[in-house]
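One structure is given here, and the rest of the page talks about it.
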Amino acid sequence: SFGLLLLVLDPLLEPERRDRLPLISLGGVVVTAAIVILRRGQPEIVFGGMLAADGFATFCNLLFLLVAGLTLLISIAYIRHTGLERGEYSALLLFSTLGMMIMASSLDLMTIFLGLETLSISLYILAGFLRERLESNESALKYLLLGAFASGFLLYGIALVYGATGTINLRQIAEAVARGQVNSPILLAIGMGLLIVGFGFKVAAIPFHSWAPDVYEGAPTSVTAFMIAGTKAAAFAAFLRILMTALPALQPDWSRALGILAVLTMTVGNVVAIAQTNIKRMLAYSSIAHAGYILVALATGTKLGSGSILFYLAAYAFMNLGAFAVMVALARRDDERLTIDDYAGLGLRRPALGAAMALFMFSLAGIPPTAGFMGKLYVFSAAVQAGYIGLAVIGVANSVVSAFYYLRLTVVMYMSSAPGEPVAGQRPAPALGLAVLVAVGGTLLLGIFPSRLLEAALRSVTALLG
């Protein structure tokens with residue numbers, strides 16, 4: 001409703017007042033989060049069994065709203081210096097968030113697909129929002145074409161699962177498989193494989209990742225932040241619900257496939273990220289590597305593995321959105337300062353922003369006491385407990401490799417002098433400063449006091465396992 005309100009208000013407001021629309025959007029996010037929190041103890045199934053307001057949906061919805069709120073705080077400053085003060089920007093962010101919430105709450109394959117398309121179509125438009133820039137148009141076109149291709153795989157997978165089981169309801173699929181009432185086990189296996197391919201595109205797993213670096217680089221920086229943190233979280237939430245609710249009986253099959261994807265995704269993402277000099281492309285390949293770490297936990301098929309995924313997604317949201325907030329704080333209208341060399345001397349000229357960026361890089365590398373360290377610890381612990389020791393070892397080795405390109409940026413910030421004009425010294429906008437502070441606080445709190453969030457995550461996944 002807030003998204004529709006923004007579309008109505010946009011043509012009615014004077015141009016100089018349209019910068020208030022993100023604040024209205026932020027108010028909508030806060031109100032929605034309050035409603036979700038107030039109703040968290042009242043699980044129910046609605047719309048004929050298509051949507052569930054259970055603990056898993058509550059946890060994921062609050063995470064999506066957190067990502068949307070931080071993105072809107074970042075966007076307030078970004079749209080001013082890029083001239084994007086149009087109401088549809090904030091409305092599309094809210095529609096994308098709605099799509100994420102539908103995906104996490106769905107108990108039906110078709111509803112999951114509708115949520116995914118609500119999310120994706122909004123992001124296709126947002127990726128090309130800088131219409132005067134060729135790279136933004138290229139980003140939108142690539143995302144549209146490859147996203148539609150991935151949706152085709154997903155739809156074919158849904159059709160084959162329906163053909164094999166006679167239903168698209170997740171719980172009824174599980175009952176049919178458990179009772180042996182499957183028309184064709186081969187058809188079900190192929191459908192499951194196509195679902196893995198479809199979601200592999202959405203989480204940018206290797207070899208379905210080719211769209212991610214170009215799309216993330218060309219999209220507006222605030223949109224890239226939202227896509228990296230939000231889209232990945234939504235896709236993994238839906239993927240987790242499908243595998244754990246509908247296909248637990250086929251775990252030996254999908255665990256092997258996901259284990260192979262995890263190894264490829266971690267390794268290729270980290271190795272290619274080393275060669276990047278553009279920070280957005282570096283973080284794009286970094287996000288691919290982090291998808292590999294999450295796939296390790298997903299392959300275990302255990303309660304600890306599922307809970308560690310939710311914890312990791314929350315930690316990942318804080319450290320990535322924080323890094324992009326710092327990037328926006330340093331950007332100018334004619335220069336977004338996206339290369340590593342642009343950050344030379346930042347730690348001395350802008351101590352607060354330099355320290356924040358260093359913290360986010362440490363967390364992404366998995367250095368204690370940060371949220372990233374605890375997230376990797378829980379993911380690899382789940383793999384060891386489930387007997388996937390090889391996956392855990394490969395994950396730890398990849399974390400060591402990733403430390404090179406994360407710490408390289410920190411070294412440039414504190415041990416290199418800026419060539420030419422120094423980084424500007426003005427203070428970031430209040431909303432942007434608040435986004436950085438929230439991200440710093442979340443990164444440190446989840447690193448120092450992780451147990452409460454992990455317990456909440458483990459409680460929430462009980463709805464899936466039950």
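The values are calculated or read from the model by the stated rules, or taken from the named source; none is laboratory data. It should be emphasised that the depicted structure is a prediction, and the values quoted were computed from it without experimental measurement. Using ideal geometry, Cβ is built from the backbone for each residue, glycine included, and neighbour counts are taken over all protein chains shown. Protein only, heavy atoms only, side chains kept; ligands, DNA and RNA dropped before computing areas. Shrake-Rupley method; radii C 1.70, N 1.55, O 1.52, S 1.80 Å.
With buried (at least 22 other Cβ atoms within 10 Å of the Cβ), at pLDDT 85 or above and over 18 Å from ALA233 (Cβ atoms) as the only criterion, which of ALA91, ALA57 stands out? I'd like the intermediate steps shown before the answer.
Numbers: ALA57 fails: over 18 Å from ALA233 (Cβ atoms).
When all the criteria are applied, what remains is ALA91.
Would you mind finding the one in ILE190, ILE242 that is open to solvent by 10 Å² or more (accessible area, probe 1.4 Å), in a helix (DSSP H, G or I) and out of contact with any Ser or Thr (no Cβ under 6 Å at 6 or more places or on another chain)? Give the derivation first.
Values: ILE242 fails: open to solvent by 10 Å² or more (accessible area, probe 1.4 Å).
Just one listed residue meets the conditions, ILE190.
Just checking, does the stretch 195-208 include any residue being modelled with pLDDT under 90, touching a strand residue (DSSP E or B) at 6+ places or on another chain (Cβ under 9 Å) and farther than 29 Å from VAL46 by Cα?
No: the stretch 195-208 contains no residue that is modelled with pLDDT under 90, touching a strand residue (DSSP E or B) at 6+ places or on another chain (Cβ under 9 Å) and farther than 29 Å from VAL46 by Cα.
Provide a single number: the residues in the stretch 240-287 that are at pLDDT below 90 and among the aromatic types (Phe, Trp, Tyr).
1
List the pairs whose first member sits in the stretch 102-113 and is farther than 16 Å from ALA174 by Cα, whose second member is of a type outside the set (S, T, N, Q) and assigned to a strand (DSSP E or B), and whose Cβ atoms are under 7 Å apart, counting only residues at least 6 apart or on separate chains?
Listed by first residue and then by second, the contacts come to SER105/LEU51; SER105/ALA52; THR111/LEU51.
Taking the stretch 353-380, which residues are touching a residue at least 60 places away in the same chain (Cβ under 8 Å) and open to solvent by 40 Å² or more (accessible area, probe 1.4 Å)?
As a first pass, look at the stretch 353-380 and keep what is touching a residue at least 60 places away in the same chain (Cβ under 8 Å): 353-354, 356, 359-360, 363-364, 368-376, 378-380.
Passing the criteria: PRO368, PRO369, PHE373.
For the stretch 323-341, check the following and say yes or no: at least one residue is part of a helix (DSSP H, G or I), open to solvent by 50 Å² or more (accessible area, probe 1.4 Å) and in contact (Cβ under 8 Å) with a residue 12 or more places away in the chain. Reasoning before the result, please.
So the first thing to find is which residues in the stretch 323-341 are part of a helix (DSSP H, G or I), and the list is 323-330, 340-341.
Next, only the ones that are open to solvent by 50 Å² or more (accessible area, probe 1.4 Å) stay: 341.
Next cut, in contact (Cβ under 8 Å) with a residue 12 or more places away in the chain only: 341.
Yes, because at least one residue in the stretch 323-341 is part of a helix (DSSP H, G or I), open to solvent by 50 Å² or more (accessible area, probe 1.4 Å) and in contact (Cβ under 8 Å) with a residue 12 or more places away in the chain.
Determine which single condition SER308 fails, assuming it passes every other condition in (1) polar (S, T, N, Q); (2) surrounded by fewer than 24 Cβ atoms within 10 Å (Cβ to Cβ); (3) at pLDDT 90 or above.
Result: SER308 passes all but (2).
Please go through the stretch 154-187 and give me each residue that is open to solvent by 60 Å² or more (accessible area, probe 1.4 Å) and in contact with a helix residue (DSSP H, G or I) (Cβ under 8 Å, 6 or more places away or on another chain), ordered by number.
Those that are open to solvent by 60 Å² or more (accessible area, probe 1.4 Å) and in contact with a helix residue (DSSP H, G or I) (Cβ under 8 Å, 6 or more places away or on another chain): LEU155, TYR156, TYR162, ARG171, GLN172, ALA178, GLN181, ASN183, PRO185.
Would you mind telling me which numbered condition in (1) over 21 Å from the mean Cα position of the chain (by Cα); (2) part of a helix (DSSP H, G or I) ALA57 fails?
ALA57 satisfies all of (1) over 21 Å from the mean Cα position of the chain (by Cα); (2) part of a helix (DSSP H, G or I) except (1).
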